[in-house]
Amino acid sequence: MPRNLSGRMTTGTVIVLIGIVLLLSTTGFVEMRSVWGWIAVIFILVGVWALVRSEFRNLVGPVMIIAIASAFFLRNVGVIPDGTIGTWWPLFVVLFGLLVMVNRSRRRQRIRLEGHDVGEVACVAVFGSDERRPLTDRFTGGELVAIFGDVRLDLDDSAVLVRPAIVETIAVFGSAEIRVPAEWNVRLGTLSVFGDTTDRRRRAEERNTTDDPELIVTGISLFGDIEIRD
């Protein structure tokens, strides 16, 4: 499957599965209350699929989807009281922060174990915009966060010393754009839920067949867009 279609396929699969479950309800095979109780399982499965597909490099998006969907499923089947999620929802924020720190620690540990300096970049936009163009020959990755905002990372003046560099990208009702040199090979391992991840580079499919890419883009697009350009 072309990688620039993966985001659309994920969103389409979720919609199809929800439609099938609703059809079972409207045709009388299952009760409506039971249907809504089990829809959360679809998102749990999507999160697990995204973890495996990214070879467990992509933690933030999939684990957050699994955690939130699991909480709603446990509420729907009566394991936890109705008001529990409303009271304890800040734990999801804590989990989000911990996952970001774990991803950063894993990336830095990998580079340092190989005896190289860490060259990272952070680009964050919340109800705004942010842009970075690092000038380095030791780029190792970083984090892009766009929440109701826009971020742009331009790597035209960067080089990767230790392959692959890993960029964790989070686009929630926002957009993230990554520009890479024309000769780079890029692998996408994002999770798109009602969002889109698109490789808009010329002849992108030909360059994405390598087993040793310069860049791996992971993360989540939730009602947002992640674009790769050259």
Looking only at strands (runs of 3 or more DSSP E) that lie completely in region 98-156, which have at least 2 residues being modelled with pLDDT of 90 or more, surrounded by fewer than 20 Cβ atoms within 10 Å (Cβ to Cβ) and out of contact with any Pro (no Cβ under 6 Å at 6 or more places or on another chain)?
129-132, 150-154
Subset of region 71-97 [part of a helix (DSSP H, G or I) and either touching a Phe, Trp or Tyr at 6+ places or on another chain (Cβ under 9 Å) or among the β-branched types (Val, Ile, Thr) (or both)]
Ala71, Phe72, Phe73, Asn76, Thr84, Ile85, Thr87, Val93, Val94
Leading residue by the ranking (farthest from the chain's Cα centre (by Cα)) among those in region 185-204 that are under 16 Å from Asp156 (Cα atoms) and either of a type in the set (A, V, I, L, M) or surrounded by fewer than 20 Cβ atoms within 10 Å (Cβ to Cβ) (or both)
Arg202
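The values are calculated or read from the model by the stated rules, or taken from the named source; none is laboratory data. Just so it is clear, the structure is predicted and the values come from calculations on it, not from any experiment. Ideal geometry is used to build each Cβ from the backbone, glycine not excepted, and the neighbour counts take in all protein chains shown.
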